Ligand code: HEC
Ligand code: HEC
């Protein structure tokens, strides 16, 4: 009897193993190479040498307080957290950002920015602190330069922080110096906003170490999606590395016309960085001798920069819709559908030969979406 039970158990085991092997996905060497690039997570962050407040605990607390303070805007109605809602993965859920006036770009998440090289959809800033200053100055967003000054002059706590970190009172500082300090403190805070480990990360480790049991915890549909992502879909070529972006710019056939005129993306971004006194080439870079401005120094506008946008990181992407620089695609299904039927005639820049219509069937579209969803952490 015991023997029969053993045999029955053995048969069941073989049956279940064969189901597993039929269902498990086999990756090619190239796919495995890309998958390897997507970790480990989180990468080590060395700190931002251009920002002396990077990693400073006082600046992190001060920056966090500034980030949510409505008094940073002209009419006291808008803080950074109005659009970058902390409980909502630092996005607003709208197609286009809405400040004092309506904007023309989709609000990006402010998570995982410690690893970026350029900031904003067009790379309009070359440091996180430079990027943080823009919405305060922008008339359409917060129009808050005077408001920031008033806050530091009237509020003892904010005035005290400023004095401590700047070494002089806000009254002695120019508007530009004041904004740089505020931008750097908020950068110190935002650098700490890093998303958690995901089911994809656990699968990646299991796959690379051959841990079959752990691998099976990852849905088969996500595995097939990952295979498409790192293989035939060529998504990993642009969405490369631990944060699923190579940090650069590309065009994917999304319209660059706005309700007002055109948004030429990277083209204006380069111009902005090259002409702004707040870039890493200017006097506010706290450690220019470290070579941290080299990328900016060698930046050149090219004719294919026109209409290119930053390749966004994809961690927590399921939580940050609508998608693309103009928020024109509502869901991840829409995004994958866009790549599936991409219209090559709309790609006006050269060299985007990576993108081809993939003509995915509905299961393949679901698979890619289920993979993208696995890039969100468990909480
Ligand atoms: C009116 C809504 C709105 C407000 C208010 C706002 N932002 Fe943004 N934020 C956006 C939009 C839209 C973008 C994309 C902008 C672009 O590409 O030019 C963005 C982009 C960013 C980025 C770049 C992220 C990346 O992926 O490169 C950072 C950093 C940022 N905001 C920080 C802040 C800070 C700090 C404040 C407060 C001082 C703030 N934002 C206030 C809407 C807003
Ligand atoms: C040529 C480089 C390139 C390739 C290849 C590529 N992407 Fe993208 N991806 C981009 C760029 C650039 C954007 C932003 C485009 C815009 O806003 O105009 C983007 C945006 C996205 C977004 C929206 C993210 C957000 O926060 O709005 C998702 C999701 C995405 N891509 C997934 C994929 C998938 C899946 C594939 C493979 C089928 C893929 N990408 C292939 C460059 C690329």
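Here, each number is a calculation from the coordinates, and none is a lab measurement. Quick caveat, the model's predicted, so the values are computed rather than measured. Because the Cβ atoms are built from the backbone with ideal geometry, glycine has one as well, and the counts that use them run over all protein chains shown.
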Hey, can you tell me all the residues within the stretch 122-146 that are more than 8 Å from ligand 1 (Cβ to nearest atom), assigned to a helix (DSSP H, G or I) and over 16 Å from the mean Cα position of the chain (by Cα)? 130, 137, 145, 146
For the stretch 216-244, the count of residues that are surrounded by fewer than 21 Cβ atoms within 10 Å (Cβ to Cβ) and either without any contact (Cβ under 8 Å) to a residue 40 or more places away in the chain or within 16 Å of ligand 1 (Cβ to nearest atom) (or both) equals 4
Residues (within 8 Å of ligand 2 (Cβ to nearest atom) and either more than 30 Å from residue 216 (Cα to Cα) or out of contact with any strand residue (DSSP E or B) (no Cβ under 6 Å at 6 or more places or on another chain) (or both)) located in the stretch 328-370: 329, 332, 336, 339, 340, 352, 354, 355, 358, 368
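Which one is nearest to residue 146 (Cα to Cα), of the residues in the stretch 162-214 that are assigned to a loop (DSSP other than H, G, I, E, B) and touching a helix residue (DSSP H, G or I) at 6+ places or on another chain (Cβ under 8 Å)?
Top of the filtered list is 173.
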Please count how many residues of the stretch 219-240 are within 18 Å of residue 37 (Cβ to Cβ) and assigned to a loop (DSSP other than H, G, I, E, B). 6
Hey, can you tell me all the residues within the stretch 322-341 that are outside any helix (DSSP H, G or I) and surrounded by fewer than 19 Cβ atoms within 10 Å (Cβ to Cβ)? 328, 330, 331, 341
Out of all the residues in the stretch 302-313, which are surrounded by fewer than 20 Cβ atoms within 10 Å (Cβ to Cβ) and within 12 Å of ligand 1 (Cβ to nearest atom)? 311
Which residue out of 96, 32 is touching a residue at least 60 places away in the same chain (Cβ under 8 Å) and within 12 Å of ligand 1 (Cβ to nearest atom)? 96
